[in-house]
Amino acid sequence: MRGEALLAVLQLSDSGFPSGRYTLSHGLEAFAHEGLLVTPCVPDALAGLLGDCIRFGVGPSDGIALACAHRAVDADEGVDVERVVRIDRRLSAVKLPRETREASSRTGRALLAAAPAVAGVRMQGYADLVEVGHTPGNHAVVLGLLAALLDLPPFAAVAGELSAFATGWVAAAVRLGLTDHLTAQLVLRRVHPVLVEAAERALVGDVDDIFSCTPLPDVMSMRHERAELRLFSS
C-alpha cells in the first residue's frame, strides 16, 4: 500500500472534505426529536444503534458498492463505465429515504469535482454520465473508483469509508447534545470490530448483493424530511 494513496483517500472520505458530509446526521437528529434516545445517551445505546446502522445499512450498501466500483477499474482497460452505472443505480435503489439518496448523490458529485486533480481524466466517461443525470453519482461509488485509480487496496478503501461514516455519526451525536466527546470516542472504539467485519463482508459481495435493511433509521430519515426545524440536512 502506498502511503500517499492511503492519505489521499482518507482525505477524500473525511467529513472535513468540502463535499457536505458534515451536514449529515444519518437520521440521528430525528431519533433525538422523537425522544427515542435518552439524553445523555449511555455508550451501549449509541454503540448498539451505530453498530446496527453499519452492519445492516451502510456496510452491505455503500460498502459493497464501493468494493464493486473498485473492481470495475482495470489497470489496462480503465474504468468499466457500464458496470459502474449498474452499481450506482443499484445503490440508489436500496436507499429508500429521499434525503439519503439525495445526500449520497450530492456529496458524490462534490467528490467527483475533485477527481480530475486526483485521477486525471481516467474517470471522465463516468463523470459525463453523472453530469447529464444518466447515473446518480453516489459518494461510495465515486470513492471506490478513486481508490482503485490511486492503487489503494480494496479493504483499506472500504474500511476507510465505513470509518468515516461512523466518525460523522458520532460527531452528529455530539452536536445534537446526545453525548460528549469522550463518550463519542468510546463508542467509536466499541464499533471497530463491527467495522472490520462489515468491510470484510463487503469485499466478497457483488452488485446483486447490495442491500440495506434498517427500517427504523429509514423511517426516522423520512420523518426528518418533514421536520420544521433541522440542524442537519439528513
Exercise. Hey, rough spin-label estimate for Ala114 and Asp44, points 7 angstrom out along Cα→Cβ, what's it come to in nanometres?
Worked result: 3.9 nm
For this session: For Arg175, put the label point 7 Å out on the Cα→Cβ axis and report which residues of region 61-104 keep their amide N under 15 Å from it.
Result: 103-104
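Arrange Val73, Val84 by Cβ neighbour counts within 10 Å, fewest through most, would you?
Val73, Val84
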For this session: Figure the gain on full extension for Glu4 and Leu182 (residue separation times 0.36 nm, minus the Cα-Cα span) and round it to one decimal in nm.
Result: 61.1 nm
Seminar exercise, completed: The residues Cys213, Cys68, sorted from fewest to most surrounding Cβ atoms within 10 Å, come out as Cys213, Cys68
Exercise. Which residue, Arg175, Arg55, Arg106, has the most motion in a Gaussian network model of the chain that connects Cα atoms within less than 10 Å?
Worked result: Arg175
Exercise. What list of ³J(HN,Hα) values in whole Hz, one per residue of region 199-213 in order, does the Karplus curve 6.51 cos²θ - 1.76 cosθ + 1.60 (θ = phi - 60°) give from phi, with Gly and Pro shown as x?
Worked result: 5, 5, 5, 5, 5, 9, x, 10, 4, 5, 8, 5, 7, 8, 9
For this session: Determine the shape class of region 190-229: with a ≥ b ≥ c the square roots of the Cα gyration tensor eigenvalues, call it rounded for a/c under 1.5, and otherwise prolate if a/b is greater than b/c, oblate otherwise.
Result: oblate
Seminar exercise, completed: Placing each pseudo-label 7 Å from Cα in the direction of the beta carbon, Val196 and Gln124 end up separated by a distance in nanometres of 4.3 nm
Exercise. Using 7 Å Cα-to-Cβ label points, what is the Asp209/Leu36 separation (nm, one decimal)?
Worked result: 2.8 nm
Problem set entry | Tail beyond 24 Å, pair distance distribution of the chain (Cα, percent) | 40 percent
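Readers should treat all values here as calculations from the given coordinates under stated rules, not as data from a laboratory. Owing to the predicted nature of the structure, the values given are computational and were not obtained by experimental measurement. Every residue, glycine as well, gets a Cβ built from its backbone with ideal geometry; the counts of neighbours run over all protein chains shown.
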